[in-house]
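The values are calculated or read from the model by the stated rules, or taken from the named source; none is laboratory data. Worth saying up front: this structure is predicted, and the values here are computed from it rather than measured. Glycine also receives a Cβ, built like all others from the backbone with ideal geometry; neighbour counts cover every protein chain displayed. All accessible areas refer to the heavy atoms of the entire protein, side chains included, with ligands and DNA or RNA removed. Shrake-Rupley method; radii C 1.70, N 1.55, O 1.52, S 1.80 Å.
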Amino acid sequence: MPASVASVLPEDAANAVLIGRLWDVETSGPRVVAVQGEDVFDLQHLAGTVSELLERAEPAADVRSAMTAARWKTADVVSASLAQETARPHLLAPVDLQVIKACGVTFVDSMIERVIEERCGGDAGRASEMRELVGRALGGSIGDVRPGSPEAAEAKRVLIAEGLWSQYLEVGIGPDPEVFTKAPVLSSVGLGAGIGIPSFSSWNNPEPELVLIATSTGRVVGATLGNDVNLRDVEGRSALLLGKAKDNNASSALGPLIRLFDDAFTLETLRQEEILLRVEGADGYQLEGRNTVARISRPFEELVAATFGKHHQYPDGFALFTGTLFAPTQDRDVPGQGFTHRMGDVVTIRSRHLGALVNTVGAAEELPPWRFGLQQLFRYLAAQEHATAGLS
């Protein structure tokens, strides 16, 4: 198997049930697919959308049974995806009708960085000074505080008295996690695609995250990797600018594929997952980071319950970013200002069980605009159904 394919798929890909979406140039639309080794299988006869497929009682078993005749070669599809050759079959974000939700401030390290952003008012030049001030005030004890506990309430009291309480500390150690809508349905990009930084941002970063995939009943049936591209200067000015900071053209990346749960891969497997980040700049700059999921401050079940329940339903399921431990404090240019993206940065987010999501940073205004929405998808599915009926 070519090195590029091996580096994109999970280490134990031979034993994994991997599904996703592929742009089929023959029919000019997205197909639900499964990937196994060197082969890619068209699952459109099993389900028209990934959302529909995941609603089946035993999706992993049904996918295994449906992989009978390969239609594409994995190496060709991965190569086209990484090269952004859209005239060839290539991978898309592996979700379709699911709502893209996200939980923020679920790790103490990133929580402290959010506090710093707020104290800086989005000014990267003050980051080093604020980091020292906040770190001295908080010390290391807050990292062991269970959100919503009596100890958290006491920490809140002390921090308020010191004039250091923050809305980020509220969702970081308070009773309720932060949950927001990251991106509209069908707007996420997949493996190899450009990820967008708008021209109005000068302080921004990738956020490597584990993304849970849930059905309409809130049942988590698999996972993928995600990049919750973030504009630190925008959100730092005001938390009310969260939508502007998080939701822009190509600001949500998912992939490369969804790995479905089975006997060998479960939610318990993910509790110990290590998610690695690598940023490689055209200028030779390199940055590495790590998101150790075991250090998350709230269990997956709590994040899912805060997202889905009697208070909110998702008839087509949802994808849930679970937050990041990664806090980009390494200086890139001016000492004390930390990291920010440059155009052309190659961002690789990798984990043992989920593979690697690779994207290249570009200007949001210059990347391909988002044009394939729900109307186009429904028209495509109707046309495919009509074509199938005509053949029968």
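Among the residues of segment 236-251, the one identified as open to solvent by less than 10 Å² (accessible area, probe 1.4 Å) and of a type in the set (S, T, N, Q) is Ser251.
Let's see how each residue does on (1) without any contact (Cβ under 8 Å) to a residue 40 or more places away in the chain; (2) within 26 Å of Ala60 (Cα to Cα); (3) in contact with a Lys or Arg (Cβ under 8 Å, 6 or more places away or on another chain); (4) surrounded by fewer than 24 Cβ atoms within 10 Å (Cβ to Cβ):
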site	(1), (2), (3), (4)
Gly163	yes, no, no, yes
Ser166	no, no, yes, yes
Val220	no, yes, no, yes
Val234	no, no, yes, yes
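Looking at segment 275-290, can you tell me whether even one residue there is open to solvent by 10 Å² or more (accessible area, probe 1.4 Å) and over 26 Å from Gly196 (Cβ atoms)? No, the conditions are met nowhere in segment 275-290. Contact map, segment 275-293: first residue on the phi > 0 side of the Ramachandran plot, second residue surrounded by 14 or more Cβ atoms within 10 Å (Cβ to Cβ) and aromatic (Phe, Trp, Tyr), Cβ cut-off under 6 Å, separation 6 or more or different chains; the map is empty. Filtered by the rule that a residue be touching a residue at least 60 places away in the same chain (Cβ under 8 Å), out of contact with any Leu (no Cβ under 6 Å at 6 or more places or on another chain) and part of a loop (DSSP other than H, G, I, E, B), segment 186-207 gives Leu186, Ser187, Ala193, Pro198, Ser199, Ser202, Trp203, Pro206, Glu207. Criterion first (out of contact with any Leu (no Cβ under 8 Å at 6 or more places or on another chain), farther than 26 Å from Gln337 by Cβ and not in a helix (DSSP H, G or I)) does Ser216 satisfy it? Taking the combined requirement at face value, the residue satisfies it. Test Ala306 against the criterion of being aliphatic (A, V, I, L, M), touching a residue at least 12 places away in the same chain (Cβ under 8 Å), open to solvent by less than 20 Å² (accessible area, probe 1.4 Å) and outside any loop (DSSP other than H, G, I, E, B), and give yes or no. Judged against the criteria, Ala306 is not a match. When each of Val189, Val158 is tested for being of a type in the set (Val, Ile, Thr) and at pLDDT 95 or above, the lone residue that passes is Val189. Within segment 1-37, the set of residues being outside any loop (DSSP other than H, G, I, E, B) and of a type in the set (D, E, K, R) comprises Arg21, Asp24, Arg31. Have a look at Ala356, Ala389, Ala319 and point out the one that is assigned to a helix (DSSP H, G or I), of a type in the set (Gly, Ala, Ser) and farther than 30 Å from Glu132 by Cβ. Ala389 is the lone residue from the list that is assigned to a helix (DSSP H, G or I), of a type in the set (Gly, Ala, Ser) and farther than 30 Å from Glu132 by Cβ.
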